[in-house]
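Student: Here it is, the structure, as C-alpha cells.
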Amino acid sequence: MNNNPINEKKRIVSPLSLTEVDYTRYSRQIIYPDFGEEGQIRLKKAHVLIAGVGGLGSPNATNLAYAGIGKLTLIDCDSVEFSNLNRQTLHWERDINEEKVVSASKKLKEMNSKIEVISLNIRITSENIGELLEGVDLVMDCMDNMETRFILNECCFKKGIPFIFGGVRGLEGQVTTIIPGKTPCLECLYPRGIEGEKPFPVFGATPALIASLQTMEAIKLLSGFGELLTGRMLFVNGETMEFMMIKIEKKKNCPICSGGNI
Amino acid sequence: MSIKVTLHPFLNDGVELQLEVDGKTVGECIKSIMKQYPAMEKKMFGKNGALKGYVEVLVNGHGVGTNELVYSVKDGDSMAVLVFLSGG
C-alpha cells in the first residue's frame, strides 16, 4: 500500500544530477530498494523549510542534512539560552546568546558542506509567511507555539505545500502529515486560541524521537515511497512505551480547508 | 446511545483507556467517564469547570471547537479525548 501523493506527479529526473561523491556518501540509502538513485535525486532537488530550530528543529535539520536534502531554510527568531541545552542538539555551550539559526547553520554546513542552508532570524507572521514559502517543497512544523503553527497551516494549505506536524511534552509526543486538500489540516483538529503551557516540561529524548519520525515522513514524502501518517495522528507515550494511532478526518466546516468561517 | 471513547494515557495514569459510555453530548459522556474514573477530573477540568487548555476532544476524527462540552453526539459515534502536545 502506498498513499504517497508524489507518485502522482511522475517527475522526470535525471540520474546525472548525483555526483560520484553523492553515490558514495548516500550509498546506504541508495541501496534501499524503494528509494534508490531516483529517491536520492529527489532529496537533492528538494527545498525544506524548518520552522523553529529548537528541540524538534535541531534533530530534524540534522537528519535532513545527513540525508542530503538539497536546500534547507531555517527560521527562528530566538537566541540560544542555557535552558535549551538539554534538548536542542544543534546548540552547544559555546553558542549561548548566538542566534539559533546561525548556531545551527554552522554545524549543518560542517555535517554536509554540499547542501545549501538559508538562515533567517525572523518571526513568522501572517504577513511574511507567503514570501517565506516561495519555492518550498515541504514544511517541518517544529514550532513551540500554536499561533505560528496555525499561520503555517493556513498558508501551506493555500499554497498546496505538505506540512509535517510534530509536538512534544514531557516524555510524550505526537506527529501527523498534512497534505493540503487530501488530509485534515491542523485546524480540523484543534481550535484557534489554544496554547500550551510555558515553559513546558520535556526531556531531550522526546523531541529527538518525534523529530526522527517527522524526518522519516519527509524522506518518504519527498522521494515517493512508503505509507505516510496521513489521516491519522500518532501519539507516543515514552513513560509507558505505548504508541497510539488515532484516525483523524476533515472537519466539514473547517475555516481553512472546507470554506467555513474563522 | 453508545459512544466509543478513547482517552489519552496522560489522563489515566499513563494507560490508554477505551470504553463505551452513554450521553447525548460530549459533556454528558465525559461526566459518565468521571463517575467511573473520578481521579481524572483534576487532570481534565480547570477551576472554572471548563476543560483544561491542553485537553482536546475529537468526534469521529475531527475537532469539535471550543464549546466542546455541549457538542451533540449520537449512537455509534467515536470520541477521542486527547492531550494536545504543543511543545517543540
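Student: For residue B:60 and residue A:94, FRET efficiency with R0 = 41 Å and r from the beta-carbon atoms, rounded to 0.05? Working shown, then result.
Tutor: Details: r = 51 Å, r/R0 = 1.24.
Rounded to the nearest 0.05, the efficiency is 0.20.
Student: At 222 nm, what value in deg cm²/dmol follows for chain A if DSSP H runs of at least 4 each add -39500 (n - 2.57) and the sum is divided by all its residues, to the nearest 500?
Tutor: Values: 9 runs with 84 residues, N = 262.
It comes out at -9000 deg cm²/dmol, rounded to the nearest 500.
Student: To the nearest 0.05, what FRET efficiency results for residue A:205 and residue A:118 with a Förster distance of 41 Å applied to their C-beta separation?
Tutor: Details: r = 29 Å, r/R0 = 0.70.
The formula returns an efficiency of 0.90 here.
Student: Given only helices, namely DSSP H runs of n ≥ 4 each adding -39500 (n - 2.57), what is the per-residue ellipticity at 222 nm of chain B, to the nearest 500 deg cm²/dmol? Don't skip to the end; give the middle numbers.
Tutor: Working: 2 runs with 15 residues, N = 88.
Here the helix-only value at 222 nm equals -4500 deg cm²/dmol.
Student: If packing is taken as the mean number of other Cβ atoms within 10 Å per residue, what is the order of A:80-88, A:232-240, highest first?
Tutor: On the way: A:80-88: 16.7, A:232-240: 18.2.
In decreasing order of mean packing, A:80-88, A:232-240 become A:232-240, A:80-88.
Student: Once you've got the GNM for chain A with C-alpha springs shorter than 10 Å, pick whichever of A:127, A:187, A:217 has the biggest mean-square fluctuation.
Tutor: Sorting by GNM fluctuation, first place goes to A:127.
Student: For a quick check: sort A:99, A:116 by the number of other beta carbons within 10 angstrom, fewest at the front. It would help to have the intermediate numbers written out before the result.
Tutor: Working: A:99 18, A:116 11.
So the residues, fewest neighbours to most, are A:116, A:99.
Student: Same structure, new question: Only Cα pairs under 8 Å and at least 6 apart count here; give the relative contact order of the stretch A:154-262 as a rounded whole percent.
Tutor: Values: 177 pairs, mean separation 34.7, N = 109.
Taking the mean separation of contacting Cα pairs over the length of the stretch A:154-262, I get 32 percent.
Student: For the stretch A:87-215, what is the convex hull volume of its Cα atoms per residue in Å³?
Tutor: Details: hull volume 16.6 nm³, N = 129.
Normalising the Cα hull of the stretch A:87-215 by residue number yields 129 Å³.
Student: Dividing the Cα radius of gyration by the Kirkwood radius, what Rg/Rh value follows for the stretch B:40-79? Numbers along the way, then the final one.
Tutor: Working: Rg = 10.9 Å, Rh = 11.1 Å.
Dividing the radius of gyration by the Kirkwood radius yields 0.99.
Student: Over all Cα pairs of the stretch B:3-83, how is the pair count split among 10 Å bins, expressed in % and running from 0 up to the last occupied bin?
Tutor: 19, 62, 19, 0
Student: How big is the Kirkwood radius of the protein assembly as shown, worked out from every pair of different alpha carbons and given in Å to one decimal?
Tutor: Values: mean 1/r = 0.0476 Å⁻¹.
In the protein assembly as shown this quantity evaluates to 21.0 Å.
Student: Can you list residues whose amide H is under 5 Å from residue A:73's amide H, if they're 5+ apart or on another chain and H is modeled 1.01 Å from N?
Tutor: Residues meeting the criterion, in which the H sits 1.01 Å from N, are A:48, A:49, A:50, A:118.
Student: Please give the average number of partner chain Cβ atoms lying within 10 Å of the Cβ of each residue in B:56-62, rounded to a whole number. Display every interim value, and only then the final one.
Tutor: Working: counts 4, 0, 10, 2, 4, 12, 12.
Mean inter-chain Cβ contacts per residue within 10 Å come to 6.
Student: In nm², what is the average projected area of the convex hull enclosing the Cα atoms of the stretch A:1-144?
Tutor: Values: hull surface 40.0 nm².
Averaged projected area of the stretch A:1-144's Cα convex hull equals 10.0 nm².
Student: Provide a whole-number value for the mean count of partner chain Cβ atoms within 10 Å of the Cβ atoms in peptide A:178-188. Present the calculation step by step, with values, prior to reporting the outcome.
Tutor: Working: counts 0, 0, 0, 0, 0, 0, 4, 0, 1, 2, 4.
Per residue, the number of nearby Cβ atoms from other chains is 1 on average.
Student: Something else now. Seen from all sides and averaged, what is the projected area of the convex hull of the Cα atoms in the stretch A:71-137, in nm²? Provide the component values of the computation, followed by the final result.
Tutor: Values: hull surface 20.4 nm².
Directional mean of the projected Cα hull area for the stretch A:71-137 stands at 5.1 nm².
Student: Ok, one more. Could you please rank B:26, A:136, placing first whichever residue has the fewest other Cβ atoms within 10 Å of its Cβ?
Tutor: Values: B:26 25, A:136 17.
Ordered by Cβ neighbours within 10 Å, fewest first: A:136, B:26.
Student: At a 10 angstrom cut-off on C-beta neighbours, averaged per residue, how do the peptides A:159-169, A:36-46, A:20-30 rank from highest to lowest?
Tutor: A:159-169, A:36-46, A:20-30
Student: Using the Kirkwood radius built from alpha carbon pairs, what does the Stokes-Einstein equation give as D for the stretch A:114-186 at 20 °C and 1.002 mPa s, in µm² per second?
Tutor: Working: Rh = 13.1 Å.
It diffuses with D of about 163 µm²/s by this estimate.
Student: On a 0 to 90° scale, report how tilted helix B:26-36 is relative to the longest principal axis of chain B, with both axes built from alpha carbons and the result rounded to the nearest 10.
Tutor: Helix B:26-36 and the main axis of chain B meet at about 70 degrees.
Student: Extension gain residue B:48-residue B:71, at 0.36 nm per residue separation less the Cα-Cα distance, in nm? If you can, show how the numbers build up before the last one.
Tutor: Numbers: separation 23, 0.36 × 23 = 8.28 nm, distance 1.85 nm.
Taking residue B:48 through residue B:71 to full extension adds about 6.4 nm, to one decimal.
Student: Please report the orientation-averaged projected area of the stretch A:168-260, defined via the convex hull of its C-alpha atoms, in nm².
Tutor: Working: hull surface 27.3 nm².
The directionally averaged projection comes out at 6.8 nm².
Values in this text are rule-based calculations from the coordinates and carry no lab data. Bear in mind the structure is a predicted one, so any value in this text is a computation, not a measurement. Neighbour counts run over all protein chains shown; Cβ positions are idealised from the backbone, glycine included.
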